[in-house]
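Taking it in order: structure first as structure tokens, then the write-up.
The values are calculated or read from the model by the stated rules, or taken from the named source; none is laboratory data. All values reported here derive from a predicted model rather than from experimental measurement. A quick note on method: Cβ atoms are made from the backbone with ideal geometry, for glycine too, and the neighbour counts reach across all protein chains shown.
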Amino acid sequence: MKPLCTGFESPLGVSRRSALQTFGGGLGGVALANLMANDARAAGVSGLDKFHHRPKAKRVIFLFQSGGPSQIDLFDHKPRLVAETGQELPDSVRKGQRLTGMSGNQASLPLVGSPFKFAQHGQSGAWVSELMPHTSKVVDDITFVKSMYTEAINHGPGVTFMQTGSQFPGRPSMGAWLSYGLGTSNENLPNFVVLVTKNKGGQPLVSRLWGSGFLPGKHAGVRFRADKDAVLYLNSPDGVDKGARRKMLDRLNELHQYQLEKSGDVALETRIAQYEMSYRMQASIPEATSIDDEPEAIFKLYGEDAKTPGTFAANCLMARRLAEKGVQFIQLYHPGWDQHGGLPGGIKRQANETDQASAALITDLKQRGMLDDTLVVWGGEFGRTNYCQGKFNGTNFGRDHHPRCFTMWMAGGGVKGGYTHGETDEYSYNVQQDGVHIHDFHATILHMLGVDHERLTHRYQGRYFRLTDVHGHVVKPILA
């Protein structure tokens with residue numbers, strides 16, 4: 001279709017700027033329509049129907065366990081490995097595959113089975129370690145994926161891969177892709193919120209992990225902190241009341257509108273919208289982040305730590321509150337799972353900090369009728385080795401990074417409950433059946449949200465990018 005006017009001025013002597021100001025609500029209206037059209041095109045659709053197919057989930061809560069939880073000591077029960085503890089890792093199992101620089105030069109790779117007891121639970125009979133007594137009570141609501149694998153063998157690339165679909169920094173995070181593709185249904189809160197357990201050591205977590213990459217900045221995750229200012233730079237300075245703030249934004253808007261007339265820069269529309277969102281968040285954030293109105297039974301469900309802001313338990317409770325208020329993607333980070341040494345004590349502490357609250361989140365969502373359309377995801381960037389890193393003394397040992405097989409679980413949001421997908425070998429070293437790559441995992445999450453992962457794309461530097469790069473298949477057997 002030919003444009004209405006290809007030059008700066010029409011044959012009638014009316015400038016393009018004047019035409020835009022008087023047609024369809026002015027340049028701001030055209031810019032807004034363009035942004036909305038871009039959001040629709042991002043999902044490969046037009047009009048009001050922004051989904052590729054009927055979604056099962058409306059929102060995602062990702063409980064990311066940073067550092068690489070040991071599948072062998074939590075969910076992947078291996079009696080043979082226990083029986084052969086102290087023996088050398090067989091060459092037929094390792095198959096010459098690369099190791100990290102931390103254990104690759106060891107003269108010996110002694111196998112170490114889990115020192116923790118396993119038992120079957122629920123009607124599904126899922127095997128769970130004694131470290132996870134609360135999770136064991138909700139296994140019939142969970143799909144365990146025991147055949148996850150990745151190419152990343154170190155934390156930086158591994159975490160980046162799980163969060164963005166690429167080992168290289170600079171790509172949009174999963175939450176940003178969803179915000180870009182599906183838009184927002186909440187005018188007073190961010191569409192993508194990040195919560196990080198406070199005062200935890202472990203590998204550093206940087207903001208690019210929840211960034212928007214080459215997508216518009218408005219799709220980046222907003223970190224909520226366990227401080228008096230939940231969002232940095234949101235509150236007004238001392239002496240500036242709400243009325244003064246409103247007047248300031250109105251005057252700033254007038255300046256932006258003046259600049260729009262001069263430059264036609266549609267990015268100003270986004271900036272105006274972000275300022276207005278910040279103004280609304282000044283009222284909505286305190287209410288959303290306050291847990292004072294929660295009944296005592298809820299604190300008992302999540303554990304006493306839920307009363308302490310910034311703990312994993314408090315963040316799980318906060319995630320439920322944000323989900324109720326329409327936040328679409330809620331990302332929790334809990335560092336500290338990197339047990340190269342002292343694993344028995346270290347993993348026990350980690351499980352104690354996370355087990356009850358993770359299970360409570362499932363129970364809480366279920367009793368509120370929200371689990372069916374809320375996808376809860378639990379897991380880290382890779383697993384741990386079945387051999388000891390360093391010298392094995394029989395009681396205190398560590399495990400190195402292991403990308404070739406690890407366990408994650410999902411609950412609600414359209415996945416089967418009481419189901420285990422995939423299988424590893426008798427040593428929990430290689431995937432034996434139904435491997436699930438990170439791209440497959442991402443494709444499946446998008447599918448449950450009504451999005452075809454191959455059609456959610458963005459053109460950047462001459463090519464179309466997507467969360468799953470050029471790979472990925474939906475793991476259909478786990479779908480309810």
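Any residue in region 316-343 that is at positive phi sitting within a Cβ distance under 9 Å of a residue that is at pLDDT 95 or above and of a type outside the set (D, E, K, R)? List the pairs, counting only those 6 or more apart or interchain.
From region 316-343, the pairs are G336/Q65; G336/S66; G336/G67; G336/T197; G336/G346; G336/Q350; G342/F397; G342/G398.
Kindly indicate which of T311, T289 is crowded, with 20+ Cβ neighbours inside 10 Å and either within 22 Å of the chain's Cα centre (by Cα) or under 22 Å from R223 (Cα atoms) (or both).
T311
Select the strands (runs of 3 or more DSSP E) contained entirely in region 108-218, then report the ones holding at least 1 residues which are farther than 20 Å from Q71 by Cβ.
192-196
Does any residue of region 393-400 turn out to be farther than 30 Å from G310 by Cβ and part of a strand (DSSP E or B)?
Checking region 393-400: not a single residue is farther than 30 Å from G310 by Cβ and part of a strand (DSSP E or B).
Looking at region 72-97, which of the residues that are aliphatic (A, V, I, L, M) and either in contact with a Leu (Cβ under 8 Å, 6 or more places away or on another chain) or closer than 23 Å to K348 by Cα (or both) is surrounded by the most Cβ atoms within 10 Å (Cβ to Cβ)?
So the residue we want is I72.
For region 156-175, which residues satisfy the criterion of being closer than 19 Å to H334 by Cβ and surrounded by fewer than 20 Cβ atoms within 10 Å (Cβ to Cβ)?
G156
Go through G413, G394 for me and flag whichever is of a type in the set (G, A, S), modelled with pLDDT of 95 or more and either over 20 Å from L446 (Cα atoms) or out of contact with any His (no Cβ under 6 Å at 6 or more places or on another chain) (or both).
So the residue among G413, G394 that is of a type in the set (G, A, S), modelled with pLDDT of 95 or more and either over 20 Å from L446 (Cα atoms) or out of contact with any His (no Cβ under 6 Å at 6 or more places or on another chain) (or both) is G413.
Kindly evaluate A83 against the criterion of being at pLDDT below 95, more than 30 Å from L205 (Cβ to Cβ) and over 33 Å from the mean Cα position of the chain (by Cα).
For A83, the condition - at pLDDT below 95, more than 30 Å from L205 (Cβ to Cβ) and over 33 Å from the mean Cα position of the chain (by Cα) - is not met.
Condition check: within 22 Å of P335 (Cα to Cα), surrounded by 22 or more Cβ atoms within 10 Å (Cβ to Cβ) and hydroxyl-bearing (S, T, Y). Does T100 satisfy that?
No, not satisfied.
So, restricting to helices (runs of 4 or more DSSP H) that lie completely within region 291-384, which ones have at least 2 residues that are within 25 Å of S207 (Cα to Cα) and out of contact with any strand residue (DSSP E or B) (no Cβ under 9 Å at 6 or more places or on another chain)?
312-324
For P55, all conditions in the list (1) farther than 29 Å from K325 by Cβ; (2) assigned to a loop (DSSP other than H, G, I, E, B) hold save one; what is the number of the exception?
Going through the list (1) farther than 29 Å from K325 by Cβ; (2) assigned to a loop (DSSP other than H, G, I, E, B), P55 breaks only (1).
Conditions tested, residue by residue: (1) within 28 Å of S108 (Cβ to Cβ); (2) crowded, with 24+ Cβ neighbours inside 10 Å.
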position	(1), (2)
D372	no, no
G390	yes, no
H402	yes, yes
G414	no, no
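Scan region 344-370 and report the pairs whose first residue is on the phi > 0 side of the Ramachandran plot and whose second residue is in a helix (DSSP H, G or I) and at pLDDT 95 or above, with Cβ atoms within less than 6 Å and a gap of 6+ or a chain change.
Cβ pairs passing all conditions: none.
Can you tell me which condition S236 does not meet? The list is (1) modelled with pLDDT under 85; (2) assigned to a helix (DSSP H, G or I), and all the others hold.
For S236, the exception is condition (2).
Modelled with pLDDT under 95, surrounded by 15 or more Cβ atoms within 10 Å (Cβ to Cβ) and more than 28 Å from S147 (Cβ to Cβ) - does that describe any residue in region 52-62?
no
Do we find that N34 is at pLDDT below 95, closer than 21 Å to L446 by Cβ and either over 28 Å from the mean Cα position of the chain (by Cα) or not in a strand (DSSP E or B) (or both) in this structure?
no
So, A297, is that one modelled with pLDDT of 95 or more, surrounded by fewer than 18 Cβ atoms within 10 Å (Cβ to Cβ), aliphatic (A, V, I, L, M) and over 18 Å from the mean Cα position of the chain (by Cα) or not?
Spelling it out, A297 is indeed modelled with pLDDT of 95 or more, surrounded by fewer than 18 Cβ atoms within 10 Å (Cβ to Cβ), aliphatic (A, V, I, L, M) and over 18 Å from the mean Cα position of the chain (by Cα).
Just to be sure, is V231 β-branched (V, I, T) and either closer than 25 Å to G472 by Cα or in a loop (DSSP other than H, G, I, E, B) (or both)?
Yes; evaluated as a whole, the condition is true for this residue.
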